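The values are calculated or read from the model by the stated rules, or taken from the named source; none is laboratory data. Since this is a predicted model, take the numbers as computed values, not measurements. When we count neighbours, we look across all protein chains shown, and the Cβ atoms used for this are built from the backbone with ideal geometry, even at glycine.
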Ligand SMILES: Nc1ncnc2c1ncn2[C@@H]1O[C@H](COP(=O)(O)OP(=O)(O)OP(=O)(O)O)[C@@H](O)[C@H]1O
């Protein structure tokens with residue numbers, strides 16, 4: 001286990017070991033990070049394949065070519081795999097597996113994917129990277145599997161300091177390399193517009209519902225020393241995966257609205273977000289963390305040196321095959337009812353918790369209106385369907401309709417791909433919803449290749465959407 005604070009080289013060292021292995025897999029928390037490792041490995045002459053829900057790519061090397069990469073024994077290297085955690089191959093044997101951000105086992109929605117990989121991956125050496133708070137739980141779980149564990153502790157590569165004074169609320173103290181952390185899309189655009197008005201800097205923006213491709217483009221704008229985008233305004237979506245040239249993190253707030261109420265940020269969240277300042281290899285200066293509000297700053301100052309409580313439980317989720325067998329016993333009930341009953345009745349040890357199935361229940365409710373087989377129904381419950389966004393949900397249901405009828409689905413059957421994509425606030429939101437639909441189409445194409453076979457048009461449209469979203473983001477000053 002490689003444990004330590006953010007920016008301490010945990011993943012870097014685990015990946016060095018993976019690169020040298022004969023066979024191996026990297027399990028990523030994010031699609032974009034899986035892509036980054038895929039590109040980085042192949043650029044380092046280490047053949048690598050990519051497997052995510054939406055994308056599969058072979059290594060760019062030709063095995064029969066004399067230039068095919070070899071190891072120091074002059075043997076041709078088998079490709080390693082870079083995969084998203086949910087897609088991790090649990091049946092193949094690997095010499096080395098790397099599971100990144102292992103503390104995500106405690107995530108209420110996706111935690112099950114880390115627990116399943118930890119307990120199920122078939123490798124001689126498994127490298128877990130993440131927070132030290134996960135060590136006691138991992139040790140307990142490994143008592144059941146009989147694995148040996150070695151814990152390697154890391155220190156931050158760059159110094160990180162907490163400012164002794166807060167930043168002026170009128171934004172006049174904003175400097176190049178600052179990153180302001182806000183907790184809603186609306187607030188991000190408001191703050192970015194004010195900073196652009198009060199200072200000479202332009203702002204790049206990053207938030208959770210932005211497609212990863214656009215997050216990456218915004219990160220490039222901010223990282224490029226020759227661009228005017230010297231300031232970043234972002235949500236906590238920057239906590240994982242992106243390498244950013246941030247010198248100073250400024251918290252706009254230390255509480256986050258969850259849809260019903262405001263929750264104070266946890267110590268672990270404050271450390272993870274604050275730790276993004278002063279990323280080693282991008283900025284060699286020390287990082288700094290501060291806030292606009294003095295009370296917020298004292299919360300941050302208390303949190304940064306504090307060790308968070310160890311995590312106590314790992315997420316689990318039901319197995320599709322079990323639900324399928326269950327559902328045959330209750331032919332009178334809808335599958336959504338079977339799932340709810342299963343979640344309510346499941347008994348498990350206190351080392352685990354059942355991941356939140358409310359999103360799945362909403363999707364189940366919507367798709368139960370279509371004549372699907374049990375297998376189709378259960379597969380769709382795992383699909384990335386955006387049930388909260390009416391535009392994306394409506395398109396998803398058109399896809400479901402095609403599946404239920406076994407009818408070929410061209411993207412233009414479900415989306416007007418020739419319609420203008422505007423760069424207004426509403427236009428940006430609309431393009432973001434369409435992008436989610438396109439990703440769903442690609443996800444479905446791997447499960448129903450004869451129904452969702454319009455791949456070339458979809459990939460072309462995906463690029464068009466990313467370009468429209470980028471234009472919308474550059475126009476953010478007009479949103480407020
Ligand atoms: N020995 C090294 N030589 C060169 N660069 C390094 C070295 N160790 C780490 N880095 C670079 O420092 C940065 C942070 O490293 P890494 O991503 O491994 O940190 P981490 O501890 O996994 O942090 P996080 O949890 O925030 O991802 C990366 O850009 C990485 O490439």
Check your understanding: So which residues in the range 425-437 are under 17 Å from residue 380 (Cβ atoms) and either surrounded by fewer than 23 Cβ atoms within 10 Å (Cβ to Cβ) or in the same structural domain as residue 213 (by TED's automatic domain parsing) (or both)?
Key -> 436
Check your understanding: For the range 301-322, how many residues meet the condition of being in contact with a helix residue (DSSP H, G or I) (Cβ under 6 Å, 6 or more places away or on another chain) and not in a loop (DSSP other than H, G, I, E, B)?
Key -> 5
Point to revise | Residue satisfying condition, being within 15 Å of the ligand (Cβ to nearest atom) and loosely packed, with under 12 Cβ neighbours inside 10 Å, within set 148, 132, 155 | key: 155
Check your understanding: So which residues in the range 260-309 are at positive phi and buried (at least 17 other Cβ atoms within 10 Å of the Cβ), if there are any at all?
Key -> 278
**Study point:** Filter result for the condition that a residue is in a helix (DSSP H, G or I), within 26 Å of residue 428 (Cα to Cα) and touching a residue at least 12 places away in the same chain (Cβ under 8 Å), over 205, 191
**Key:** 191
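Yes or no, residue by residue, for (1) away from the ligand (no atom under 13 Å from the Cβ); (2) in the same structural domain as residue 449 (by TED's automatic domain parsing); (3) over 19 Å from the mean Cα position of the chain (by Cα); (4) surrounded by fewer than 18 Cβ atoms within 10 Å (Cβ to Cβ):
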{"position": "25", "(1), (2), (3), (4)": "yes, no, no, no"}
{"position": "28", "(1), (2), (3), (4)": "no, no, no, no"}
{"position": "44", "(1), (2), (3), (4)": "no, no, yes, yes"}
{"position": "47", "(1), (2), (3), (4)": "yes, no, yes, no"}
{"position": "53", "(1), (2), (3), (4)": "yes, no, no, no"}
{"position": "65", "(1), (2), (3), (4)": "yes, no, yes, yes"}
{"position": "75", "(1), (2), (3), (4)": "yes, no, yes, yes"}
Check your understanding: Among (1) within 16 Å of the ligand (Cβ to nearest atom); (2) assigned to a loop (DSSP other than H, G, I, E, B), which single condition is residue 15 missing?
Key -> (2)
Exercise for review: Considering only the range 107-129, state which residues are assigned to a helix (DSSP H, G or I) and either touching a helix residue (DSSP H, G or I) at 6+ places or on another chain (Cβ under 8 Å) or within 14 Å of the ligand (Cβ to nearest atom) (or both).
Suggested key: 111, 113, 114, 115, 117, 118, 119
Practice item. With the condition kept exactly as written, say whether any residue in the range 75-96 is over 23 Å from residue 56 (Cα atoms) and in a strand (DSSP E or B). Key: no
Check your understanding: Looking at (1) more than 26 Å from residue 170 (Cβ to Cβ); (2) out of contact with any strand residue (DSSP E or B) (no Cβ under 6 Å at 6 or more places or on another chain); (3) away from the ligand (no atom under 16 Å from the Cβ), which is the one condition that is false for residue 313?
Key -> (2)
